[in-house]
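All of the numbers you see were taken from the coordinates with simple rules; none came from a lab. Because the structure is a prediction, the values reported are computed rather than measured. Here the Cβ positions follow ideal geometry from the backbone for every residue, glycine too, while neighbour counts run over all protein chains shown.
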Amino acid sequence: MGPNLWGEPKYMRVLELFCGIGGCAAALPESAEVVAAIDINRGALAVYSSNFSHPVDVRTIESIDVPELRNYKADIWWMSPPCQPFTRRGRYRDDRDPRTRAILALLDPIKRIKPPYVIVENVPGFSGSRTHGLLRGMLDKAGYEVEEHYLNPAEMGIPNYRERLFVVAGRDKLNPLKVKRRRAKPLSSYLDQDPDPRLIVNPEEEDIEKYRHAIDIVDVDDPKDITACFTAAYGRSLVRSGSYLKVDGDQLRRFSPTEILRLLHFPKSYSIPAGLPLGSSWRLLGNSLSIPSVEAALSQIPDLE
Ligand SMILES: C[S@@+](CC[C@H](N)C(=O)[O-])C[C@H]1O[C@@H](n2cnc3c(N)ncnc32)[C@H](O)[C@@H]1O
């Protein structure tokens, strides 16, 4: 590709805000360069840095001022702000939840800097929130072309449900959305050959019977079974946090972090550092992104191939 929109050669420059473990970086084509990946979570950034050499910064997004943001000269601002304020678990507190402070703090800089492209990813409950209204109002007023899409890997031939809303905004015309539909692969192809015995749920330690009716259980022999959305609460909460796999007889086991990475379609080269506790791995993965959905959202950006 030619010069980017800031007149510099070769790459589309990407500012990865709320970068977590790098779901956006993992989906970017070679022609893009992450100029900064920013998050407050040191653990997430350690995983990020073990997979990518992009510059990372541990800090709050609210602490970055307009000149600093302008200095990144980024063509694309990617934002995956915390979703809890827009979920039942977070009691839909929206802009009354301090976790929306960072995304709200970015509205004025976007209006002033007018980056060529802005993408915001969040849970479906973000739609119609006051925060969503403020973001849309600012983008519309600043003259962006804006499209919104609900994307779900379960509708792309992947046995994992993870519906997310993507707000894609461009100063110039956006490409039509391109969603790659792949040939469905069975759940068995996502599983570890030799699963870690720690994944087995021990009914003596966890009150599995009490919640059995509410737990999402998938059966590897059922070709239609689709895993539920894995959230940051997986491993801590038995219900509404992800699926359990039926193993011998009545036994259940959890999905391993590598299996979840595969279900999210992270590249094969991506890994969670050995020794990271299961609980931390599940928390980080539950906050991350399904790569095919990110690729679909990025397909709207002209010149990004
Ligand atoms: C939904 S997760 C996004 C994860 C990321 N997309 C990924 O692929 O892993 C939200 C992230 O925002 C970070 N975060 C929350 N509040 C923040 C703030 N005020 N400043 C910077 N990062 C923040 C959290 O640590 C978390 O990693």
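Sparse packing (at most 10 other Cβ atoms within 10 Å of the Cβ) combined with a DSSP loop state is found for the following trypsin sites (Lys or Arg not before Pro) in the range 224-305: Lys224, Lys268.
Database remark: amide H of Val56 closer than 5 angstrom to the amide H of Ala37 (H placed geometrically; neighbours at sequence offset of 5 or more, or on other chains; Pro and chain starts carry no H).
Classified by the C-alpha gyration tensor, the chain has a prolate form. Its axis ratio a/c, with a ≥ b ≥ c, is 1.5 or above, and a/b is larger than b/c. Dividing the summed helix terms, -39500 (n - 2.57) for each DSSP H run of n ≥ 4, by the number of residues in the chain produces a 222 nm estimate of -6500 deg cm²/dmol to the nearest 500.
Between Leu177 and Ser127, the modelled label-to-label distance comes to 0.9 nm, taking each label 7 Å out from Cα in the direction of the beta carbon. Once the Cα-Cα distance is subtracted from the 0.36 nm per residue extended length, the Gln251 to Asp97 segment shows a gain of 51.5 nm. Maximal additional length on extending the Asp65-Lys210 stretch stands at 47.2 nm, based on 0.36 nm per residue less the C-alpha distance. Protection proxy ranking for 204-212, 21-29, using the average of other Cβ atoms within 10 Å per residue and placing the highest first: 21-29, 204-212. Above 20 angstrom, tally the Cα pairs of the range 44-108 and express them as a % of all pairs, no decimals. More than 20 Å apart: 42 percent of the Cα pairs in the range 44-108. Take every DSSP beta bridge whose two residues both sit in the chain; close to 45 percent of them are antiparallel.
Across Leu15, Leu252, Leu261, mean-square fluctuation computed from a Gaussian network of the chain (C-alpha pairs under 10 Å connected) peaks at Leu252.
A crude spin-label estimate for the pair Ser50 and Gln193, with each label 7 Å from Cα along the Cβ direction, gives 2.2 nm.
A straight Cα-to-Cα reach below 16 Å connects Lys141 with the aspartates and glutamates Asp108, Asp172, residues fewer than 8 places away in its own chain not being considered.
What would the Debye formula give as log10 I(q)/I(0) at q = 0.11, 0.22, 0.23 Å⁻¹ for the alpha-carbon point model of the range 82-180, no solvent? Evaluating at q = 0.11, 0.22, 0.23 Å⁻¹ gives log10 I(q)/I(0) of -0.36, -1.17, -1.22. Quick one: check the C-alpha center-to-center distance for the range 156-230 versus the range 14-71, whole angstrom. Spelled out, the Cα-based centre of one part sits 26 Å from the other.
What shape does the range 133-182 take by its C-alpha gyration tensor, where a ≥ b ≥ c are the square roots of the eigenvalues and a/c under 1.5 counts as rounded, a/b above b/c as prolate, and the rest as oblate? Judged from the Cα gyration tensor, the range 133-182 comes out oblate (a/c at least 1.5, b/c at or above a/b).
Within the straight-line cut-off of under 21 Å between alpha carbons, the lysines reachable from Lys73 are Lys10, Lys111, Lys114, Lys173, sequence neighbours fewer than 8 places apart in one chain being disregarded. Extension gain for Leu134 to Asp303 (0.36 nm times residue separation, less C-alpha to C-alpha distance): 58.0 nm. Rank Ala184, Ala46, Ala214 by mean-square fluctuation in a GNM of the chain with C-alpha springs under 10 angstrom and give only the top-ranked residue. Top of the fluctuation ranking is Ala214.
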